[in-house]
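Contents: one structure, followed by commentary.
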Amino acid sequence: AVAPALASQSIRSPALALAFNKSIAQEFSGRFPSHFKCQTLNGFGFGALMKALPNISKFRIEDRKSGKIISELAKNRKMELTSDQWDAARQLLSAAMQVGITPGDIGDPLVSDTSANWRQLADQLWMSEDDFDLLADLTHEALEQQVALTRQGIINFDDQVYHSTCIDGRFPQYPNVFVDEAQDLSPLNHRMIVKGSRADAKLLICGDPKQAIYAFRGADSRSMDSLRQLRARWLDRPLAITFRCPKRIVERQQGHAP
């Protein structure tokens, strides 16, 4: 948090600081000037969702929303799923949301709602063809239910990012945007940055591609390179000193991370 906090001292106009988790957002709030809006990515998405659905007076967070949808649909279809099949359907639903598939291509999808794209997701999850054939239609209906319940005010944490960026979301646009832990952002997070930035906004992106470890939950494995596409010109400011370990360890890792 120190690097962007120091840079923030020269910013006088309204700015947004996006953090990967709540603890970093809280640290930002203590270090950044008062004209900075410090939020988690989920919090930023949730705010955009509330603005897009003003008729909902109070949203209800339901952590197990997706699993309950799958269980209810299987029951209605008289399908007796094994625990592995239920989990496979839940993972496939989550993967579809992470890549930005919307049912019937409503809203503004990142990936088209086609059987080929669903099968590709299943392959990435190592799902067998038999399980995919069994679960594909159920999971697609589950995605429709996921969206419908969100519009009724019942959401989970995935909805805060997915629904706000791909279906219903009204993001405020800032002239300055700071992003931390950028190596772990997903394509949907990248879209949030675009939606939350003015066309001429200054971006400060902090991250380390050598630390990218969250691909299993939808992070873009080339997030830093993808973010570079948002602007034609960048000024790189690499950090040359680490306070995390002795110099001997740094020397040993030079071949991996110069």
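For the pair the range 129-198 and the range 23-85, the centres of their Cα atoms are 9 angstrom apart. When the chain is treated as a GNM with alpha-carbon contacts under 10 Å, the residue of Leu203, Leu18, Leu81 showing the greatest mean-square fluctuation is Leu81. A 1.4 Å probe run over the protein chains yields, for the range 11-169, 51 Å² of accessible area per residue, whole-number rounding. Using a simple spin-label model with pseudo-atoms 7 Å out from Cα toward Cβ, Arg119 and Lys78 lie 2.9 nm apart. Would you mind checking the tilt of helix 129-150 against the longest principal axis of the Cα atoms of the chain, expressed as 0 to 90 degrees and rounded to 10? Computed tilt is about 70 degrees.
Among DSSP beta bridges lying fully in the chain, give the percent that are antiparallel, nearest 5.
So the antiparallel bridges amount to about 0 percent of the total.
For the range 26-169, what does the relative contact order come out to in percent, with C-alpha contacts under 8 Å and a separation of six or more? Dividing the mean separation by the residue count of the range 26-169 yields 41 percent.
A straight Cα-to-Cα reach below 21 Å connects Lys37 with the lysines Lys22, Lys51, Lys195, Lys202, residues fewer than 8 places away in its own chain not being considered.
Residue ranking by accessible heavy-atom surface, 1.4 Å probe, largest first, among Lys210, Lys22 comes out as Lys22, Lys210. Residues Met224, Met97, Met50, sorted by accessible area with the largest first, give Met50, Met224, Met97 [1.4 Å probe; ligands and nucleic acids excluded]. The figure for Val177 is an accessible area of roughly 0 square angstrom, using a 1.4 Å probe on the protein chains alone.
A Gaussian network model of the chain, with springs between Cα atoms under 10 Å, assigns the largest mean-square fluctuation among Gln173, Gln26, Gln98 to Gln26.
The share of alpha-carbon pairs in the chain lying farther apart than 25 Å comes to 50%. Within the same chain, lysines fewer than 8 places from Lys210 are excluded, and of the rest, those with a Cα less than 22 Å from its Cα are Lys247.
Solvent-accessible area of the range 79-126 (1.4 angstrom probe, protein heavy atoms only): carbon and sulfur portion equals 49 percent. Helix 83-99 and the longest principal axis of the C-alpha atoms of the chain enclose an angle of approximately 50°. Atom-type composition of the exposed protein surface of the range 153-203 places 46 percent of the accessible area on carbon and sulfur (1.4 angstrom probe). Comparing Asn176, Asn76, Asn189 in a Gaussian network model of the chain (Cα springs below 10 Å), the most mobile by mean-square fluctuation is Asn76. Once the Cα-Cα distance is subtracted from the 0.36 nm per residue extended length, the Ile249 to Ala199 segment shows a gain of 13.8 nm.
Once divided by 2.2 N^0.38 Å, the Cα radius of gyration of the range 110-158 becomes 1.29. In the chain, helical runs assigned H by DSSP with n ≥ 4 each contribute -39500 (n - 2.57); averaged across all residues and rounded to the nearest 500, the mean residue ellipticity at 222 nm is -14000 deg cm²/dmol. Computed with a 1.4 Å probe on the full set of protein chains, the accessible area for Thr114 sits at about 60 Å². The residues Phe157, Phe243, sorted by heavy-atom accessible surface at 1.4 Å with ligands and nucleic acids left out, run Phe243, Phe157 from largest to smallest.
Distances between every pair of Cα atoms in the range 108-258, grouped in 5 Å steps from 0 to the bin holding the largest one, split as 2, 7, 13, 15, 17, 14, 11, 9, 6, 4, 1, 0 percent. Compared with the dominant Cα axis of the chain, that is its longest principal axis, helix 41-52 is turned about 60°.
The values are calculated or read from the model by the stated rules, or taken from the named source; none is laboratory data. Since the structure is predicted, the reported quantities are computational estimates derived from the model, not experimental observations. Cβ: placed from backbone, ideal geometry, glycine included. Neighbour counts: every protein chain shown. Each accessible area value is taken on the protein alone, full model and side chains, heavy atoms only, with ligands, DNA and RNA left out. Shrake-Rupley method; radii C 1.70, N 1.55, O 1.52, S 1.80 Å.
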